[in-house]
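Trainee: Just dropping this structure here.
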Amino acid sequence: MSALVRLEAVSKSYATPAGTVTAVQDLSLEVAQGEILGVIGYSGAGKSTLVRLVNALEKPTSGRVFVGDDELTALPEKRLREVRREIGMIFQQFNLFRSRTVAGNVAFPLKLAGVKQPERDARVARLLDFVGLLEKAHAYPEQLSGGQKQRVGIARALATDPKLLLADEATSALDPETTADVLALLKRVNRELGVTIIVITHEMEAIRAIADRVAVMDSGRIVESGPVYDVFAHPSTTAAARFVATVLHDRPSADTLTRLRAAHPGRLVTFAVPEQKGFTGQLSRAFADHGVENEIVFGGIGELQERSIGALTYELTGADAAIDAALDALRARGVDLVEEVELEEQTA
Amino acid sequence: MNDFIGSIDVYLSAIWQTLFMALASLVVSGILGLAIGVLLYATRPGHLLENRVAYTVINVVVNIIRPIPFVIFLIAIEPLTIRVIGTYIGVYAATFAIAIGASFAVARIVEQNLVGVDPGVIEAARAMGAGPLRIIATVLIPEGLGPLTLGYTFLFVGLIDMSAQAGVIGGGGLGEYAITWGSQRYNWTIVYIAVATIIVIVQLGQFVGNRLARRALRR
């Protein structure tokens, strides 16, 4: 699939009274047509700036931004406005016009695009029907719940049939149940309408629920990216591991490790469980071959994108050399394992 | 009281003059002040039409003119009033002076109310590809209409006050009536009738303004 969005070595810094702040640093990224890309990071990681570079609400200090065939960094403001009409955006605080009804909010981008009546009313009705709020057409935003407001936001963002939808912390102000509804709606937007979506969030649960790919941002850079399953199964950076740990509780936290060590004097090793069958049997055989005693002390196996995912922590007892040999043999067969070394600053 | 009955036609035309001065200057300064206020808001750093030079110039002009006591402003602007209206006395001259003077106060009221508009909705409109002028006309002002209406109501009360001061330069209205028929003749009945009338006008203005603001805010 071709890339709908491409960022090439993009940096963005701001002059503030306290000095220059770099929000995005030398960042390159491609978003394929039709995918849902999740961008996760803590506040201040540069996610919001990143998403605003994609619809040119922010101009990069250096680097180039492409959306479709347009190089945004080379277009004048007037052309950028036309490009923005092709990109939908939804916000954490919904940002609905309080002076307009639900229908008036959805009609606004259509008016901008010059869509005339009665076509405009028909489109508004169709969009509100799609998000399940047709009966609220004449209500004002303050009469709606948070989830309803965001659904209006989504209808408004989709009004001009954009190819790309940007969701900036779109579920962060919602309760868990409403979050699930809104995420399911975004997934429908992607699957049924073929809209490419970039989801900016600090909640790994949102990524887990809908993203195809995830990019982990830290200090203005993408420190890790890949298919969601791969990053969840084998996070290679501390930042990614921390986010994964917020939704998968199959790896012991620092507190848990302290408790485990008190109860289990042997060496603690955590294994990522692969999808293939017979994994624990493989481990048992390797331990038996080297005369290593073993006991599962922590872990779990769950499901992600309809694939198994999990980790198991073993206590291994026996001669150090024997344990090392067993672990080396497993590593050689491609087993992903981490020894929970004491004093290691394990972050939850 | 007999003096009052004798001057009843003067009293009635004074009411009319006061209403005319307040309402006509409300319209003129409302529009002029809205334009200056929107410019002040939009040219601020980080806003839609960010322009440091324009903002500084407008800001300084507003800051210089606004604090001038109105009685002095009336006199200071007389050459301009004569050029535009042809005279510096009378209701039209007073209305002109009031409208100009009030515009700068309105500009601040408008600016301060617009600052309270959620920047998120402005950003949403920008993200939809709306240009700055479009955003000002179709997002910013409608979103700020509730507080703006309250601001304009507050302004109306101020304009009644200014119209009374304009009586000093022969502007007519209830202010002049209270002075020439009232205090200068030691007729306190007439002074208090003028005062009571002004209170009623102010109350009515406040009432109408509150109603309109409530409608805009839908509360």
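The values are calculated or read from the model by the stated rules, or taken from the named source; none is laboratory data. Nothing here was measured: the structure is a model prediction, and the numbers come from that model. Virtual Cβ from ideal backbone geometry, glycine too; neighbours counted across all protein chains shown. Note: areas computed on protein heavy atoms with side chains; ligands, DNA, RNA excluded. Shrake-Rupley method; radii C 1.70, N 1.55, O 1.52, S 1.80 Å.
Trainee: Which fully enclosed helices (runs of 4 or more DSSP H) of segment B:1-104 have 3 or more residues being under 14 Å from the mean Cα position of the chain (by Cα) and among the β-branched types (V, I, T)? It would help to see each step written out before you state the result.
Mentor: Details: elements: B:2-6, B:8-43, B:52-65, B:70-76, B:78-85.
Hits in segment B:1-104: B:8-43.
Trainee: Identify the single condition in (1) more than 12 Å from the chain's Cα centre (by Cα); (2) closer than 25 Å to B:A127 by Cβ; (3) at pLDDT below 95 that A:A170 does not satisfy, given that it satisfies every other one.
Mentor: For A:A170, the exception is condition (1).
Trainee: Sort out which residues of segment B:154-181 are hydroxyl-bearing (S, T, Y) and surrounded by fewer than 21 Cβ atoms within 10 Å (Cβ to Cβ), and write them in order of number.
Mentor: Applying the first criterion (hydroxyl-bearing (S, T, Y)) to segment B:154-181 yields B:163, B:177, B:180.
If the condition is that a residue be hydroxyl-bearing (S, T, Y) and surrounded by fewer than 21 Cβ atoms within 10 Å (Cβ to Cβ), then B:T180 is the only one that fits.
Trainee: Another one. Quick one: in segment A:23-39, of everything that is surrounded by 14 or more Cβ atoms within 10 Å (Cβ to Cβ) and small (G, A, S), which residue is modelled with the lowest pLDDT?
Mentor: Restricting to residues being surrounded by 14 or more Cβ atoms within 10 Å (Cβ to Cβ) and small (G, A, S), the top hit is A:A23.
Trainee: Condition test on A:K149, is it assigned by TED's automatic domain parsing to the domain that holds A:K78, in a helix (DSSP H, G or I), within 28 Å of A:L80 (Cα to Cα) and without any contact (Cβ under 8 Å) to a residue 24 or more places away in the chain?
Mentor: Numbers: assigned by TED's automatic domain parsing to the domain that holds A:K78: yes; in a helix (DSSP H, G or I): yes; within 28 Å of A:L80 (Cα to Cα): yes; without any contact (Cβ under 8 Å) to a residue 24 or more places away in the chain: no.
No.
Trainee: In addition: When you go through (1) closer than 28 Å to A:V189 by Cβ; (2) loosely packed, with under 14 Cβ neighbours inside 10 Å; (3) of a type in the set (S, T, Y) one by one for A:T20, which number turns out not to apply?
Mentor: (1)
Trainee: Same structure, new question: Mind listing whichever residues of segment A:44-66 are at positive phi and away from every other protein chain (no Cβ under 13 Å)? Please lay out each step first, then the result.
Mentor: To start, the set of residues in segment A:44-66 that are at positive phi comprises A:44, A:46, A:56, A:63.
Scanning segment A:44-66 gives A:G44, A:G46, A:G63.
Trainee: Looking only at segment A:201-221, decide whether some residue is in contact with a helix residue (DSSP H, G or I) (Cβ under 8 Å, 6 or more places away or on another chain), free of Cβ contacts under 8 Å to residues at least 40 places away in the same chain and closer than 17 Å to A:E306 by Cα.
Mentor: yes
Trainee: So the check is Cβ under 6 Å with 6+ separation or different chains; which pairs have a first residue in segment B:115-131 that's touching a residue at least 24 places away in the same chain (Cβ under 8 Å) and more than 7 Å from chain A (Cβ to nearest Cβ) and a second one that's outside any helix (DSSP H, G or I) and crowded, with 21+ Cβ neighbours inside 10 Å?
Mentor: Pairs found: B:V117/B:G144.
Trainee: Here is a list of conditions, (1) over 22 Å from the mean Cα position of the chain (by Cα); (2) surrounded by 22 or more Cβ atoms within 10 Å (Cβ to Cβ), and B:T189 meets all of them except one; can you say which number that is?
Mentor: Tallying (1) over 22 Å from the mean Cα position of the chain (by Cα); (2) surrounded by 22 or more Cβ atoms within 10 Å (Cβ to Cβ), B:T189 fails exactly one: (2).
Trainee: Considering only residues that are out of contact with any Lys or Arg (no Cβ under 7 Å at 6 or more places or on another chain) and in a strand (DSSP E or B), which ones fall in segment A:11-25? Please lay out each step first, then the result.
Mentor: Start the filter on segment A:11-25 by keeping residues that are out of contact with any Lys or Arg (no Cβ under 7 Å at 6 or more places or on another chain), which leaves A:11-22.
Passing the criteria: A:S11, A:K12, A:S13, A:Y14, A:A15, A:T16, A:G19, A:T20, A:V21, A:T22.
Trainee: Yes or no: segment A:179-198 includes at least one residue that is within 14 Å of chain B (Cβ to nearest Cβ) and modelled with pLDDT of 95 or more. Full working, then the answer.
Mentor: In the first step, residues of segment A:179-198 are kept if they are within 14 Å of chain B (Cβ to nearest Cβ); the result is A:198.
In the following step, the residues that additionally are modelled with pLDDT of 95 or more were identified as A:198.
Yes, segment A:179-198 has at least one match.
Trainee: Is it the case that A:L50 is in contact (Cβ under 8 Å) with a residue 60 or more places away in the chain, part of a helix (DSSP H, G or I) and within 23 Å of A:V189 (Cβ to Cβ)? Step through it out loud before you land on a result.
Mentor: Working: in contact (Cβ under 8 Å) with a residue 60 or more places away in the chain: yes; part of a helix (DSSP H, G or I): yes; within 23 Å of A:V189 (Cβ to Cβ): yes.
Taking the combined requirement at face value, the residue satisfies it.
Trainee: Identify, by number, the condition in (1) assigned to a helix (DSSP H, G or I); (2) of a type outside the set (F, W, Y); (3) open to solvent by 60 Å² or more (accessible area, probe 1.4 Å); (4) farther than 22 Å from B:G131 by Cα that A:A125 doesn't meet.
Mentor: (3)
Trainee: Of the residues that sit in segment A:128-152 and are of a type in the set (A, V, I, L, M, F, W, C) and within 14 Å of chain B (Cβ to nearest Cβ), which one is nearest to B:M128 (Cα to Cα)?
Mentor: First pass over segment A:128-152, keeping only residues of a type in the set (A, V, I, L, M, F, W, C): A:128, A:130-131, A:133-134, A:137, A:139, A:144, A:152.
Filter again for within 14 Å of chain B (Cβ to nearest Cβ), leaving A:139, A:144, A:152.
Values: A:A139: 22, A:L144: 22, A:V152: 14 Å.
Among residues in segment A:128-152 that are of a type in the set (A, V, I, L, M, F, W, C) and within 14 Å of chain B (Cβ to nearest Cβ), the one nearest to B:M128 (Cα to Cα) is A:V152.
Trainee: Here is a follow-up. Restricting to segment A:154-170, count the residues that are open to solvent by 10 Å² or more (accessible area, probe 1.4 Å) and touching a Ser or Thr at 6+ places or on another chain (Cβ under 8 Å).
Mentor: 3
Trainee: Okay, next question. Hey, can you tell me all the residues within segment A:85-116 that are open to solvent by less than 10 Å² (accessible area, probe 1.4 Å), assigned to a helix (DSSP H, G or I) and at the interface with chain B (Cβ under 8 Å from one of its Cβ atoms)?
Mentor: Passing the criteria: A:F108, A:P109.
Trainee: Considering segment A:308-332 alone, what residues qualify as being within 30 Å of the chain's Cα centre (by Cα), open to solvent by 10 Å² or more (accessible area, probe 1.4 Å) and under 24 Å from A:R259 (Cα atoms)?
Mentor: A:L312, the sole residue that qualifies.
Trainee: Kindly indicate whether any position in segment A:171-188 is among the small types (G, A, S), open to solvent by less than 50 Å² (accessible area, probe 1.4 Å) and part of a helix (DSSP H, G or I).
Mentor: No, because not a single residue in segment A:171-188 is among the small types (G, A, S), open to solvent by less than 50 Å² (accessible area, probe 1.4 Å) and part of a helix (DSSP H, G or I).
Trainee: Let me ask something additional. Name, by its number, the condition in (1) over 19 Å from the mean Cα position of the chain (by Cα); (2) not small (G, A, S); (3) not in a loop (DSSP other than H, G, I, E, B) that does not hold for A:E30.
Mentor: (1)
Trainee: On to the next question. Does segment A:294-307 include one or more residues that are closer than 29 Å to A:A45 by Cα, touching a Phe, Trp or Tyr at 6+ places or on another chain (Cβ under 9 Å) and open to solvent by less than 30 Å² (accessible area, probe 1.4 Å)?
Mentor: Yes, segment A:294-307 contains a residue that is closer than 29 Å to A:A45 by Cα, touching a Phe, Trp or Tyr at 6+ places or on another chain (Cβ under 9 Å) and open to solvent by less than 30 Å² (accessible area, probe 1.4 Å).
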